[in-house]
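Asks: Take a look at the following structure, please.
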Amino acid sequence: MKKSIGIAIILLAIVIATAILSPNFLSAYNLENLLRRTALFGILSIGVGFVILTAGIDLSIGGVVCLAGILTPYLLTQMGWTPTETIGAILLMSLAIGILQGSLVAYGRIQPFLVTLCGLLIFRGVARGITMDQTQGFQGKFAGIRWIGNGRIPLPGVDGFAIPAPVLSLVIIAVLAMVFLNRTVWGRWMKAVGRSPNAARYSGVPVARLQILAYTICSLLAGFGGLLFVCDVGSAQPSDFGNFYELYAIAAAVLGGYRLSGGEGSVVGVVIGAAVMQVLRNAIVLVPWLPDTAEFAVIGLVILIGVLSDELLRRFAASRARTQAKGV
């Protein structure tokens, strides 16, 4: 909770500074766009949070986003599938990817970094191969399914501003994630796996199953996120759709309080972390003296600061615990 409050204060400071430096920041259009992008990336960040909680990492998120985002319009326009069949196929494919990668980590004992890095390359390669590297779009059709990505929910009595539809998906997913992690035994076990896999295993916790579950949830949300992203923008090019999205997701999770060493994290913190990342991106675009090319440098710096802060806090807490133990 303390970390969530801290990152919320940082978000507020960035918002105030950007609003002062750019009058366009507080426009209804910009705020609505910020909410939409925060919701989309927040869904990805919640997913990777489950993996980080088990002391793992998932670098394949961008590849899964690409494959899901490319196949959605492809199946609808090229293959003639119905929206229901398409959504079902995308979600089942994402589940299968998560189960496969989780099994390689849990039972194959392969480093998560290597498994998911290979996945990142493979899934994008599959998307490019299926579509012959051609841009895929909805051809002006399927407005119903596209609503989940680009829809707007009007607010009574408020003109010119609406809640983006992806925010509704984010709220539902965030609530379900919080209930799972804080109110179920599986959530507590997942945290235990991150703190000490061996201790959890000796205590009878099904470590392998929980690791597979974490990667499955992550891939499922990445696939669903890819579907939302392409419904929002309307078309996707397989060579660059979803590029670096895994970095935004991981950065938001780290900023939100997830420890890369596992065992600790907050869903609320992740959502706030995703908002910080999107406000920073927006500030780079809107503030005249900030070069657009600084975006990835800022992301890298944010991740580094988050990791360093987490490590320093961990060492401080450990040192304080030892001091208190000696005092007793």
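No value in this document is a laboratory result; all are computed from the given coordinates. Since we're looking at a predicted model, the values are computed, not measured. Cβ atoms come from the backbone with ideal geometry, glycine included; neighbour counts cover every protein chain shown.
Asks: Which of the peptides 245-251, 288-294 is most tightly packed, and how do the rest follow, going by the mean number of other Cβ atoms within 10 Å of each residue?
Replies: In descending order of packing, they fall as 245-251, 288-294.
Asks: With a/c under 1.5 counting as rounded, go ahead and sort the stretch 231-328 into rounded, prolate or oblate using the C-alpha gyration tensor (a ≥ b ≥ c being the square roots of the eigenvalues; past the cut-off, prolate if a/b is larger than b/c, else oblate).
Replies: Since a/c reaches 1.5 and a/b is larger than b/c, the shape of the stretch 231-328 is classed as prolate.
Asks: Only one of the listed values, [x] 159; [y] 168; [z] 132, was derived from the coordinates as volume of the Cα convex hull per residue in Å³; which label is it?
Replies: Step by step, volume of the Cα convex hull per residue in Å³ for this structure corresponds to label [x].
Asks: Okay, next question. Among 21-31, 205-215, 49-59, 271-281, how do they line up by average Cβ neighbours within 10 Å per residue, starting with the highest?
Replies: My ranking of the peptides, most packed first, is 49-59, 271-281, 205-215, 21-31.
Asks: So how much slack lies between Arg320 and Phe180, counting 0.36 nm per residue of separation and subtracting their Cα-Cα distance, in nm?
Replies: The Arg320-Phe180 span can extend by a further 47.3 nm.
Asks: How high is the FRET efficiency from Val285 to Val126, r the C-beta distance, R0 25 Å, rounded to 0.05? Mind showing how you got there, number by number?
Replies: Numbers: r = 32 Å, r/R0 = 1.29.
Efficiency, from the Cβ-Cβ distance: 0.20.
Asks: For the chain, what is the calculated [θ] at 222 nm in deg cm²/dmol (nearest 500), taking -39500 (n - 2.57) for each run of four or more DSSP H residues and dividing by its residue count?
Replies: -24500 deg cm²/dmol
Asks: What's the ranking of 315-321, 176-182 by average number of surrounding C-beta atoms within 10 Å, highest first?
Replies: Per-residue Cβ counts within 10 Å, averaged per peptide and sorted highest first, yield 176-182, 315-321.
Asks: Can you give the extra length, in nm with one decimal, that the chain gains between Phe113 and Val233 once fully stretched, where that is 0.36 nm per residue apart less the Cα-Cα distance?
Replies: The Phe113-Val233 span can extend by a further 40.2 nm.
Asks: Right, something else. Taking the dipole about the Cα centre of the chain, with the C-beta of Lys and Arg at +1 and of Asp and Glu at -1, give me whichever of Ile20, Leu100, Trp189 is farthest to the positive side.
Replies: Positive-most Cα among the choices belongs to Trp189.
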